[in-house]
Every structure is written in C-alpha cells, then in structure tokens.
Amino acid sequence: MTAADVAESPARPSALGGYEDWPGYAAHRHVADSPGAQQLADTLGVPSVTTDLGYTVHSESRHDDVITSRLSWQVGFGPRTSAWFVRPAGATGPLPGLLALHCHGGIKAYGAERLVAVPPGVDNHDDGSRPDGLSLTDGLGTVPLEMRAKLYGGRALATWLAQQGFAVLAHDTFMWGSRRFQLDPLPLRTATSVNGQRAIWREAGVEPSPAELYDAAAGAHEDTVAKAAALLGTTVAGTVAHDDLAALHVLGSLPGLDPERIGCLGFSGGGGRAMVLAALSPMIRGYVVTCMMTTFASLLPAYVDAHSWLLHSPGLARLGDWPDLAVRSSAQVLVQYALNDQLFPEQGMRDAHAYLSRQLPRERYTGSFWQQPHVFTPAMQEQAATFLTAALQPRHPSSPTPEPARTDS
C-alpha cells in the first residue's frame, strides 16, 4: 500500500497494529522492590509486571548435548511472547540461570532466534502464539546466518552458553520477533519512509526480502512507537524492561535451575537491556554489558543519531549518566568495551570505565577493553561465560564469592 492509497482510505490505518490494547495496560505501573528501583521504574514508565505468568511448552528437542524447548506466554497486551529455553542435557542438580537478551541490530523481524541453534525439524510455525493466527515468521523465513556471523561471531550464543553449563532463556521482547507490530497496512508516516526506501532499492536493482521490507518499516515505525509511549506516560526502554522483567520471572520458575543464581547478558541494545534489568530487579546476581557503555556527553554532537530509543529515554538524565544505571544495581557486572566500535567514541567509553571504577568496588565491577568493532566475538563470549560462572557460584556462608579478574587498558 502506498501513501496515496492510505490518504484515500476511509479509515486511517492503526499506528499500533496488534497493540491496540497497550494504552489500557500501560495505565498500571510496576511496583519495584526498592526505592532506587522504583525511581528508575517511574522514570522509564515501566508498566505493571505480572510475576506469576503461566507459559506453554510447544516443543522440546535434544541435540548437540543440550535440550531446547520452545515456550510462549502472554504478558497482558499485544502478541504472545515466543521464547527458547536451552539447558545442558543430562544435567544433575540445580543450574545457574541466564536471561540472554538479544540485540537491536536494526533487525526487528527476528528476536531471540538469533541466539539459538534451532533443532532440526523445529520451526516457528503454527503454534498459535499470535492472536491473528499467523505464524511467528509470517513468511519472513529463518534467521539469516550472516546476521549471526556479523553480530555474534557466527555463534548461537544461548545454545553455546547452555553447553557451558547454564540454563538459558532467550525471549522476544517488545517490538521484536513474535512481539513485533503488525505493519500491514502501513501507518501513514511509516508508508512514506518505506516508499522512499523502495525507490532506492529499485534504483540499485535490489529485490528486498520480506524480512528486509519489514525491517525498513519497523525502523521508521520506532519513532512512532516512542511517540505513543510518551502519550501513555511510558518509554520504549520502559516497555522493553517490562517484557524483560516478565521473562525474568518466567526463568525463575523454570525447572532445573537455582532461582538464587540468576544472571543476564546482552550485546549492544541487549547490553542496555541487561543494565536496566539489573537495576530494576534484585533477582540478578551477575550480568554482562557488551558494546553498550558510554557517557551521555560523548554522544553529542556526532553520535546521538547512531542509537535507538533503547538508549535515549526522556527524563533518564535526571537520574544521572548512563553508567549510573550500573551503580544502581548490587549485582556484579562485567562491561566489555570495543575500542573500534563505530557507535561509541573511545573517550566516552574510557570516561564511563573510569567513573565505574571509582563508584563501584573491585568485587562488583570488571571492565575489559577489546580491539574490536561493534561485535560480540567468541573470545568476548568466553570471558563473559567465565565471569558469570564465578558471579553465580552457590552462596556459602563460610566462603566469599570468587572475585573476577579485572582488566584495565
């Protein structure tokens, strides 16, 4: 549908396709466990989180020394959430649990699938987890392998972490994958942007895939979502945090893991999600932020347009700088900085590291610098797994928690 078609239509298309119930849900606010967490939740406008969500297991398969289960649940508004629970096969005793938070990547057609080696014969189709009856992939196809190669060094992160001994839950969050907006018909402003992109593709002789078409629309639509969130008294980051808190409680209820040994990790936008989640919930004992740490000042004037609404939330600066979110959590944190990151200036990363080194004790903060671009390499993943293994050790009254190695550069 073109912008002209939309203009001639008797009814203006919904700008909240599949989320028309969001306004009613967003009216209720999250109640946090501490005054500091409540202050952050109020600033981000986190909607009320149901902590005892039921979930459905759609499939379970054993492969590559792990058991992969496909789950879904309904958070209370919008489409159902699809997720993957991956754990070591043959494990005995409770395992440490991890919430693996997918990145933004400018790719909303897919969510947690980018982190999971989907078992042979298992796909995302026909489990009824969308209220419109469509499959989760909805004609978009499977996750392109080049996406995983570009962002995660070719590794299915959640599956690999399960092979290292963790019970890992990876879920689609608000705006991604199963939780994406329905953009057919296109809202008026989004249609204008998509038509411009189509013209560029035609000029270049490119035939976009359905997923590329969706991501072009979703990229333009994120500004509309941010406007809607402002009208509702919430934010994009706050609504994403709502979905992540709900998934955290699902993780805590899953069989075979120790609810006292839970952490999270994320790359890029997923790293920002991990930091917000740890500041909001005492359930997180250790977490990793990869390629998502800087100071607000360093983003101006040249880098502010490099980031999504996950980093920029109205009112957040009144609570402090971006590193102050890590200070709000009592969990151990590893921050991995990529010195060749095209999205963050080096000085901003070094200033954030210096600030965190002053504000947090050595047993709570580890910073490491890598000569890498914006990517979560296998070597960085291995450092993250080692850190989380130490941070999520069982608590013994007579033994202190192992202190992770600190890497300064």
Just add up the charged neighbours of Arg318: K/R +1, D/E -1, any other residue whose Cβ is under 12 Å from the Cβ of Arg318.
-> -3
Count the net charge of all other residues whose Cβ sits under 11 Å from the Cβ of Leu161, scoring Lys and Arg as +1 and Asp and Glu as -1.
-> +1
Remind me, relative contact order of region 135-292 in percent, using alpha carbon pairs under 8 angstrom and six or more residues apart?
-> 16 percent
Give me the number: length gained by fully extending Leu188 to Leu231, i.e. 0.36 nm times residue separation minus the C-alpha to C-alpha distance, one decimal in nm.
-> 13.6 nm
If amide H atoms are modeled at 1.01 Å from N in the peptide plane, then the residues at a separation of 5 or more from Ser59, or on another chain, having amide H under 5 Å from its own are Arg70
Along the Cα-to-Cβ line of Glu346, 7 Å from the Cα, sits a label point; which residues in region 293-317 have backbone N less than 12 Å from it?
-> none
Determine the dipole magnitude for region 60-115: charges of +1 sit on the beta-carbon of Lys and Arg, -1 on that of Asp and Glu, nothing else is charged, the reference point is the Cα centre, and the result goes in debye to the nearest 20.
-> 180 debye
Would you mind telling me which residue in Val327, Val86, Val276 has the biggest mean-square fluctuation in a Gaussian network model of the chain, where springs connect alpha carbons within a distance under 10 angstrom?
-> Val327
Kindly rank 208-217, 94-103 from highest to lowest mean number of other beta carbons found within 10 Å of each residue.
-> 94-103, 208-217
Peptides ranked, highest mean first, by Cβ atoms within 10 Å: ranges 189-195, 368-374 | 189-195, 368-374
Taking 252-264, 40-52, 233-245 and ranking on average Cβ neighbours within 10 Å, highest first, one gets 233-245, 40-52, 252-264
Compute the long axis of helix 236-253 from its Cα atoms, compare it with the longest principal axis of the Cα atoms of the chain, and write down the angle in degrees, 0 to 90, nearest 10.
-> 50 degrees
If contacts are Cα pairs under 8 angstrom and at least 6 residues apart, what is the relative contact order of the chain in percent?
-> 18 percent
Contact order relative to length for region 296-377, counting C-alpha pairs under 8 Å separated by 6 or more residues, stands in percent at 39 percent
Could you give the size of the charge dipole of the chain about its Cα centre, using +1 on the Cβ of each K and R and -1 on the Cβ of each D and E, expressed in debye and rounded to the nearest 20?
-> 760 debye
Distance between Cα centroids, region 200-242 to region 341-388: provide it in whole Å.
-> 29 Å
Residue among His242, Thr81, Thr366 farthest towards the positive dipole end of the chain, charges placed on Cβ = Thr366
What is the gain in length, in nm to one decimal, between His312 and Ala204 on full extension, counting 0.36 nm per residue of separation less the C-alpha to C-alpha distance?
-> 35.6 nm
Treating the beta-carbon of each Lys and Arg as +1 and of each Asp and Glu as -1, no other charges, what is the dipole magnitude of region 132-249 about its Cα centre, to the nearest 20 debye?
-> 180 debye
In deg cm²/dmol, rounded to 500, what helix-only [θ] at 222 nm does the chain give when every DSSP H run of at least 4 residues adds -39500 (n - 2.57) and the total is split over its residues?
-> -10500 deg cm²/dmol
Restricting region 307-393 to trypsin sites (Lys or Arg not before Pro) in coil, as DSSP defines it, with at most 10 other Cβ within 10 Å = Arg362
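All of the numbers you see were taken from the coordinates with simple rules; none came from a lab. Because the structure is a prediction, the values reported are computed rather than measured. Using ideal geometry, Cβ is built from the backbone for each residue, glycine included, and neighbour counts are taken over all protein chains shown.
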